[in-house]
Amino acid sequence: MREGLKTLINQEPDMEVVGEAADGREVRGLAARTRPDVVVMDVSMPHLNGIDATRRLKEAFPEIRVLALSGYEESVYIRRMVEAGATGYVLKRAATAELLRALRLVANGALYFDPAAARRLDGLITRPTAKGSGKDKPDLTPRETEVLRLIAWGFSNKEIAAKLGITVKTVETHRARSMEKLDLQSRAAIVRLAIDQGWLQDSS
């Protein structure tokens with residue numbers, strides 16, 4: 001499967017495979033040597049699964065984006081990959097064009113979820129409580145909203161600080177206050193809120 005993916009990606013004029021790992025343990029070291037923009041991460045791998053490999057990768061290189069590639073549609077896998085730091089989830093049975101589209105979206109800072117996986121997301125993550133549920137406008141300041149939106153897009157605290165011209169400490173403060181206001185317990189819950197509020201239409 002890796003050979004097929006490599007051939008497919010290398011045929012695209014705007015893409016190039018810079019490395020491939022045989023198992024989850026190799027991912028972080030390979031990323032350190034090659035510094036890819038996007039890692040296509042198989043959820044099921046020997047020695048170290050894709051969930052743990054993603055978590056370790058994002059801890060070391062938060063700027064690298066992860067597109068999960070999986071044969072699993074079950075919500076538990078989607079939730080755990082989102083929590084680990086993936087900003088996309090595509091199924092192995094997806095059409096070639098859909099995989100390439102997912103890669104481009106994730107590389108450009110967007111979220112992508114396979115349509116079948118996206119249906120699972122609807123009931124996957126606990127929605128905010130009455131303080132900010134559904135399509136009601138959350139009780140957030142414009143800056144808190146912007147910080148949560150960028151978190152949902154997968155930007156690190158450092159990247160958000162640079163984008164907004166504020167300190168990392170200020171980003172952390174806005175994040176903590178907004179999550180407390182809306183009773184959000186995880187990054188996956190932030191993603192769900194962002195989907196509900198329509199914040200993901202533009203990542204600029």
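The values are calculated or read from the model by the stated rules, or taken from the named source; none is laboratory data. Every value quoted in this text rests on a predicted model; they were computed, and no experiment measured them. With ideal geometry, Cβ positions are generated from the backbone for all residues, glycine too; neighbour counts draw on all protein chains shown.
Numbers for the structure displayed
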read-out	value
Residue in region 76-100 that is modelled with the highest pLDDT, counting only those that are touching a strand residue (DSSP E or B) at 6+ places or on another chain (Cβ under 8 Å) and among the hydroxyl-bearing types (Ser, Thr, Tyr)	89
Region 141-156 residues that are part of a loop (DSSP other than H, G, I, E, B), paired with ones that are polar (S, T, N, Q) (beta carbon under 6 Å, 6 or more apart)	153/203; 154/87
Qualifying residue in region 128-147 (condition: crowded, with 18+ Cβ neighbours inside 10 Å, under 21 Å from the mean Cα position of the chain (by Cα), within 18 Å of residue 82 (Cα to Cα) and at pLDDT 80 or above)	yes
Evaluation of residue 103 against (1) modelled with pLDDT under 90; (2) farther than 18 Å from residue 191 by Cβ; (3) buried (at least 16 other Cβ atoms within 10 Å of the Cβ) (one fails), failing number	(1)
In region 158-196, the residues that are of a type in the set (Ser, Thr, Tyr), surrounded by fewer than 21 Cβ atoms within 10 Å (Cβ to Cβ) and either touching a residue at least 40 places away in the same chain (Cβ under 8 Å) or part of a helix (DSSP H, G or I) (or both)	170, 173, 186
Residue count, region 68-85 (criterion: within 21 Å of residue 107 (Cα to Cα) and touching a helix residue (DSSP H, G or I) at 6+ places or on another chain (Cβ under 7 Å))	10
Filter pass, residue 65 being of a type in the set (Lys, Arg) and touching a strand residue (DSSP E or B) at 6+ places or on another chain (Cβ under 6 Å)	yes
Selection from region 20-33 of residues that are in contact with a Leu (Cβ under 8 Å, 6 or more places away or on another chain), small (Gly, Ala, Ser) and within 18 Å of residue 62 (Cα to Cα)	24, 31
Counted residues, region 10-27 - those being part of a helix (DSSP H, G or I) and surrounded by fewer than 19 Cβ atoms within 10 Å (Cβ to Cβ)	3
Pair list, Cβ < 7 Å and 6+ apart or interchain, from region 109-120 residues that are at positive phi to residues that are at pLDDT below 70	109/203
Filtered residues of region 28-38 (kept if surrounded by 15 or more Cβ atoms within 10 Å (Cβ to Cβ) and not in a strand (DSSP E or B))	28, 30, 31, 36
Only one of 22, 68, 31 that is out of contact with any Phe, Trp or Tyr (no Cβ under 6 Å at 6 or more places or on another chain) and aliphatic (A, V, I, L, M)	22
Subset of region 39-85 that is assigned to a loop (DSSP other than H, G, I, E, B) and among the acidic types (Asp, Glu) - its residue that is nearest to residue 151 (Cα to Cα)	63
